[in-house]
Structure formats: C-alpha cells, structure tokens
Amino acid sequence: MSAADLVADAVVKRFADHVAVDSLSFSVERGSFFSILGPSGCGKTTLLRMIAGFIQPDGGDIAIGGRSMRGVAPNRRPVNMVFQQLALFPMMSVGENVAFGLARRGISRVERARRSNAMLERVGLGGAAHKRVDELSGGQRQRVAIARSLVLEPTLLLLDEPLGALDLKLREHMKIELKQLQADFGTTFVYITHDQSEALVLSDHVGVMSHGRFEQLGTPQDLYYRPQTPFVASFVGANNRIVGRTAHTDGAIAEVATADGWVVHALKSGTIDAGDAVEVFVRPEVATLARSAAELPAGQPRHAGEVQSVLFDGANSAVLLQEERTRREFRIALPQTGQFSDLRPQEKVAFSFDPSRAVCFAARAGAAGQDA
Amino acid sequence: MLKAASDSRWHGRLALGLLLAPALLWLGALIVLPHVDLAVLSFRERVGPREYVASLAQYRTFFAEPLYWHVFVRTAVMSVIATFLTLLLALPIAWIIAKLARGRAGSLLFIVCLIPFWVSETVRTLGWMILLRESGVLPALLVKLGITAVPVELLYRDATILVGLVYTSLLFMVVPLVSSLESLDNSLIEAAYDLGAGGFSILRSIVIPHAAPGITAGCIVVFMLTLGNYLTPTLLGGKNSQWFTEQIYTQFITRFNWEQGAAFGFLLLALSTALVILGLRLSGQRFGDVMSRT
C-alpha cells in the first residue's frame, strides 16, 4: 500500500440530539478515487465538511498528506472542494474563476493567466476564459468547478455530489469524464454520493455509510459480490430480500423458511444458528429462469412461480415473479439471448439459484417482521 | 373577429389607464406641476410691485454670494460623509441579520432596527438633544466619570449632525443590504474560503460585488434623504448647521423671496442628480438594476 493522503482516526461529530459521525477511522491511498456512499442523512456531508475544515470534529483527528489538520482553517488546507451546486462565482469570468485561488496565493497576473488557461485547455474548455459563467452548459460548468480546484494542485479533491444537479444523460457522460480526469491528474479524489451506480463506476474504494459509521469499506466488486451486512446488500445494487428463520444449517449453507413456508438456501454470513431470524439476499442476475423445471441447472434447489410483470429496459430487462405458493415477489434479470422475449404475465415458470451465490445474514433488530 | 380583438385591446388599455390614474394624478398634480411653477418662478426677477421680468438674477446671486455656495458645498460633502458612515455601520448589521441570525432572531433584529421609526422624527431628534445638550445626560455622565471637569456642550457640532443623520438613515441602508445579502449563496463564500481566500478578500471579491446593486440603492436613498433633510441638521446643529435646506426655508418663509428659494430648490435638485449619476458611474451600476433592488 502506498502512502495515504487522507487518514481519519476515530473522528466523531455530534449535533444536539444525534451523532452524525460516529468514531470513524479510514485511510485513502494516494492517487486513488475514494467514494463515500450512503443515503441522505447518513453523515457523509458532515464527514466531507470536516475534511474540508468547515466544521471541527468533536473527537479524533484528520490528517491530510501526513499532516494533522487540527486547528487548520479551510483556506490553509491542501484540500479543495467541488460543491454540490458548484458555487462558481457569477461576478467573475470563467478565467477569473479558475485563477481565483492562484490570485489568493499572490501569484502574478501573467502566471495566473498562463496556468488557468492551461488548466482550462486540459479540461477541454480552451478559449472559454472570457466567457461568463452563465453562458456555459451544465457539463462545462462542472468542468470549470473542477478546473478551479485542480489548478491549485491540492493533495485531495473533495466532491460533494457534483453530478446531482445534472440530467441523466449528462450525468452518465460526466461519470466517464470524471474518471478520466482523475486518471489524468492522479489527484486523490474523495467523492460523496447517494447514487450507488456513481460510486461503483468511479471508485477504487467505496465506504458504505449508514448512521455515521461505515457498514463496509472495500472495492466496488467486494461490495457487490461480498456484502458484509444486510444494509450493504440492500443498498448496493438490486437484490431480492427474503425474511425468514433458519430451519437448519448444513455447513456453510443455511436452509431458511419464511413464515408462510417457502424454503430457500443461502450462504451464511457470520454466525447463524438454527432457529435464528435471518434475511436472505439473492441478486436478480444470479437466478436462472426456465419454462420447465427440467431445463434448470442440475443440483440447485428448484422453485416455481408465476410471471407478474415483464420489466423491459433494454439490457437491464427483468421479470417480476410471484412464488407459486406464497405469492412473494421475486425479481430475475432476463438473459440477453431474447429467449424469453415472448414471456407473458400469468405464465407459469420455474427458477433456481446457486445457494452459494445468495447470502444470508442474521436479521437486523426490528427488520425481522418486515417483508421485502 | 377583428372587431372583437380590437375591442378587447381597447378594454385592456382602458383598464391599464384606470389602474395607473391615481399614480399619474399624484405624479402630475403634486410633483410635475409644482416643479414647473417653481421653474418659472426661479427664472424671473421682481422689478416693481407685481412687475416681473425673465432673468437669471436668482442663479447669479447664488454664485456671487459666497455664503450660499459655501453652504451648498458643505451640505453636499456632509451628506456624502453621512452616507458613507451609514454604509459602514449598516453593512455589519445587515450581515448579522441576513447571514448569522437564524429564523426568529433575524426578524427580531430587523424589528429592533425598525422600532425607532414608530416615533416621529421630531421626537427622536429631541431625544438626541436631551442626551447631548450641556445640561443633558451624556455631559453629566462625562463629568461623573471624571473625563471632563465641567459639562461640555455636545450639540451644535458637525459630528453631532452626522450622528443624527446616520441614525435617521440607518434603516434605509439596512433594508436593501439585507435583501441583497440574503440572495448571496453561502456556498460561494465557502468556496472562496476553500480556495484560499481570507475574510477581507471574500468581502472584496465576493460579497461586495454581489451586494453592489443593494449598496448603491441604499446609498442613493440615504444620500437623497440626508441632502434634503431639514429637521435633523437644524435641531442638532442649530445656527452652526448651515444646511442648504435651511437657506431654502429662509428664502421662502422668512424673506418671502420665492424666486430665490425656487432657484435654490432647483440647484439642490441638480446637485443630488449629479452626485447620484456620478455614484452610479463610479460603481459601474445601472439605475434600473439598482432601483429593482430597493
């Protein structure tokens, strides 16, 4: 592991009646893209603002580039931030916006113009220096906001959901652009978002945050294929959630029965004993769909269902089934072969999934009674 | 079809005309007509009983008599100083109301600024006199604290006039400043801070450019009010006040020289117009933008 650009050590922040960030420790490698993913109100913005220096932690320490940031004001930190609403200065031209930080460092006018023009060139906005901010499109403003920060060559670039305000198509495009920019510049990016697809696509590492703590910290692949908590399993990617009790456990695999008697099998995560309340998660693409049970892969427990609706979405098409006896909903991704393009509601089908690719957790407090 | 369309257009115009009528009447009867009459007055000279000729004599007198234009320049300079002091004092107040006070505290502070205006200007100014006159509260306090040996007369000084003018004008500066500071996105300030700017640099490059229309609007209103104020300079400055409005009053009421008074009135109007235009030029603002902020 190379040197860490950001180290948080037991950082705590309390507001009047709740703990926003609950003794959080993590480190971010130099040159990597790190995302903090969580629902709104999970404390991710508070964490980011503590790194930027706008709020002081109540406990613990944040070190940037190996230096403790205790008592260091935001304008003295080697950190720059891209704001959610971008916060470009409307009273200045694009060039002045980019040169703003350089001017504050007392760099000469000529040098400022040279560096800001070079930076605008690098983000594909060469020649836009004299434009007004409101003459730019959403994507161009985004790039100005990033250029304005990167021109200062910060150790760390913080991004506060910068894609949130863009429409879907532009957002997809900017995702790719951000990743390329980060690879080009090699600056360490810390990105916060509530959009799991942004976090998965962009990041080298993701911390999934909930109630001021990291539920899991790992690569996007880890989070997707090896979730360690039920929260991560349900928050990252689509998942079928089945709530029940373990009938008996057979080595690594648990047999789980729902209250109304549907029996499924899944890999145990953590210690689970017979009779425990559990949550089972099965990804839609893990399950196999067939018109007759004979076509299903051998050795997998078989289930029967009835098509409730077909959710056509190009490559992401899926079918929503009801398990035959319990009428519980189950979602299966449709294969790209077009084999099921004539599937109709009310059709009887069979399905199965590899129990070792489904995962089962001890139920969270208060979650056992709820159905997925 | 065509007739219906032209009918409805005619109705629209009639409605607009009726709605504007009170404002137009007010403007015409109370502002334009008296000014036309005053303009005519100012350009004539009395040569005998009920005998008048057109002349520039009234304006010539103004330039020939040093007292008149000394008072004129003094009024302008004092008004500019009062406006500037009001701005300096109002900016932090407006900042606190717009940015620091949350919810009810903000409106409470605003009301505190407003409360003095429930009392008439005369009573407020007399209040200052009670505080500042030789036998008043403040000189007595200074003696008691041992700062001065005998009670000092604090009235009838230029500084006293400025205090009174700033106090009277403060609200008219705070209101446009609060509204223009409220529209300043806090993330702009944070972004500037994040990019390495300090407090003064943020004020100069972010806050003031953003609030410029509000600042200009407040300055114009305060300057006009101060320049045209009669009561405060007269009561707090006494004979020393030498405010131009006093000269106008004297011509109309004491001397019964309406021609001279009318000419002075127009000179004051020209002065305030010229200084407002100069202020707009210097700050690079446009009158329309500024007025939409008040």
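Laid out as a table, the results:
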read-out	value
Options B:Q242, B:Q247, B:Q251; residue that is at positive phi and buried (at least 17 other Cβ atoms within 10 Å of the Cβ)	B:Q242
Wholly enclosed helices (runs of 4 or more DSSP H) of the range B:199-277 bearing at least 1 residues of a type in the set (D, E, K, R)	B:244-249
Residues located in the range B:85-106, provided they are without any contact (Cβ under 8 Å) to a residue 60 or more places away in the chain and under 24 Å from the mean Cα position of the chain (by Cα)	B:L88, B:P92, B:I96
Residue selected from the range A:44-57 under the condition aliphatic (A, V, I, L, M) and closer than 21 Å to A:L200 by Cβ, by the criterion surrounded by the most Cβ atoms within 10 Å (Cβ to Cβ)	A:L47
Residue within the range A:335-347 that is at pLDDT 90 or above, under 31 Å from the mean Cα position of the chain (by Cα) and over 15 Å from A:P301 (Cβ atoms) present	no
Checklist (1) within 14 Å of another protein chain (Cβ to nearest Cβ); (2) free of Cβ contacts under 8 Å to residues at least 40 places away in the same chain applied to B:I215, failing item	(2)
Test for A:R213: is it more than 26 Å from A:M81 (Cα to Cα), among the basic types (K, R) and modelled with pLDDT of 90 or more	no
Members of the range A:8-25 that are of a type in the set (A, V, I, L, M, F, W, C) and either on the phi > 0 side of the Ramachandran plot or not assigned by TED's automatic domain parsing to the domain that holds A:S203 (or both)	A:A10
Every residue from the range A:209-238 that is crowded, with 21+ Cβ neighbours inside 10 Å, part of a loop (DSSP other than H, G, I, E, B) and either touching a Gly at 6+ places or on another chain (Cβ under 8 Å) or of a type outside the set (A, V, I, L, M) (or both)	A:G212, A:P227
Looking only at the range A:143-186, and only at residues there that are part of a helix (DSSP H, G or I) and within 14 Å of chain B (Cβ to nearest Cβ), the one that is surrounded by the most Cβ atoms within 10 Å (Cβ to Cβ)	A:R148
So B:I215, is it crowded, with 17+ Cβ neighbours inside 10 Å and of a type in the set (A, V, I, L, M)	yes
Extreme residue, nearest to the other protein chains (Cβ to nearest Cβ), among residues of the range B:182-197 that are surrounded by fewer than 20 Cβ atoms within 10 Å (Cβ to Cβ) and either modelled with pLDDT of 95 or more or in a helix (DSSP H, G or I) (or both)	B:S187
Subset of the range A:191-208 that is part of a strand (DSSP E or B) and aliphatic (A, V, I, L, M) - its residue that is surrounded by the most Cβ atoms within 10 Å (Cβ to Cβ)	A:V206
Unique match (being surrounded by fewer than 19 Cβ atoms within 10 Å (Cβ to Cβ), away from chain B (no Cβ under 14 Å) and under 21 Å from A:A199 (Cα atoms)) among A:G71, A:G41, A:G60	A:G41
Residue within the range B:198-212 that is exposed (fewer than 13 other Cβ atoms within 10 Å of the Cβ) and either among the basic types (K, R) or touching a His at 6+ places or on another chain (Cβ under 6 Å) (or both) present	yes
Odd one out for A:F89 among (1) within 14 Å of another protein chain (Cβ to nearest Cβ); (2) farther than 22 Å from A:L166 by Cα	(2)
Residue in the range B:59-79 that is in contact (Cβ under 8 Å) with a residue 40 or more places away in the chain, touching a helix residue (DSSP H, G or I) at 6+ places or on another chain (Cβ under 9 Å) and more than 18 Å from B:A274 (Cβ to Cβ) present	yes
Total residues in the range A:1-18, condition surrounded by fewer than 16 Cβ atoms within 10 Å (Cβ to Cβ) and either farther than 20 Å from A:G53 by Cβ or in contact with a strand residue (DSSP E or B) (Cβ under 9 Å, 6 or more places away or on another chain) (or both)	8
Some residue of the range A:99-113 being free of Cβ contacts under 8 Å to residues at least 40 places away in the same chain and either outside the structural domain of A:S149 (by TED's automatic domain parsing) or in contact with a Pro (Cβ under 8 Å, 6 or more places away or on another chain) (or both)	no
The range A:74-84: number of residues that are surrounded by fewer than 22 Cβ atoms within 10 Å (Cβ to Cβ) and charged (D, E, K, R)	1
The range A:85-128: number of residues that are over 32 Å from the mean Cα position of the chain (by Cα), assigned to a loop (DSSP other than H, G, I, E, B) and surrounded by 20 or more Cβ atoms within 10 Å (Cβ to Cβ)	1
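Matching residues to (1) within 12 Å of chain B (Cβ to nearest Cβ); (2) closer than 16 Å to B:E190 by Cβ:
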| position | (1), (2) |
| --- | --- |
| A:N75 | yes, yes |
| A:Q85 | yes, yes |
| A:R105 | yes, no |
| A:A113 | no, no |
| A:V123 | no, no |
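The values are calculated or read from the model by the stated rules, or taken from the named source; none is laboratory data. All of these numbers come straight from a predicted model, not from anything done at the bench. Note: ideal-geometry Cβ built from the backbone for every residue, glycine included; neighbour counts use all protein chains shown.
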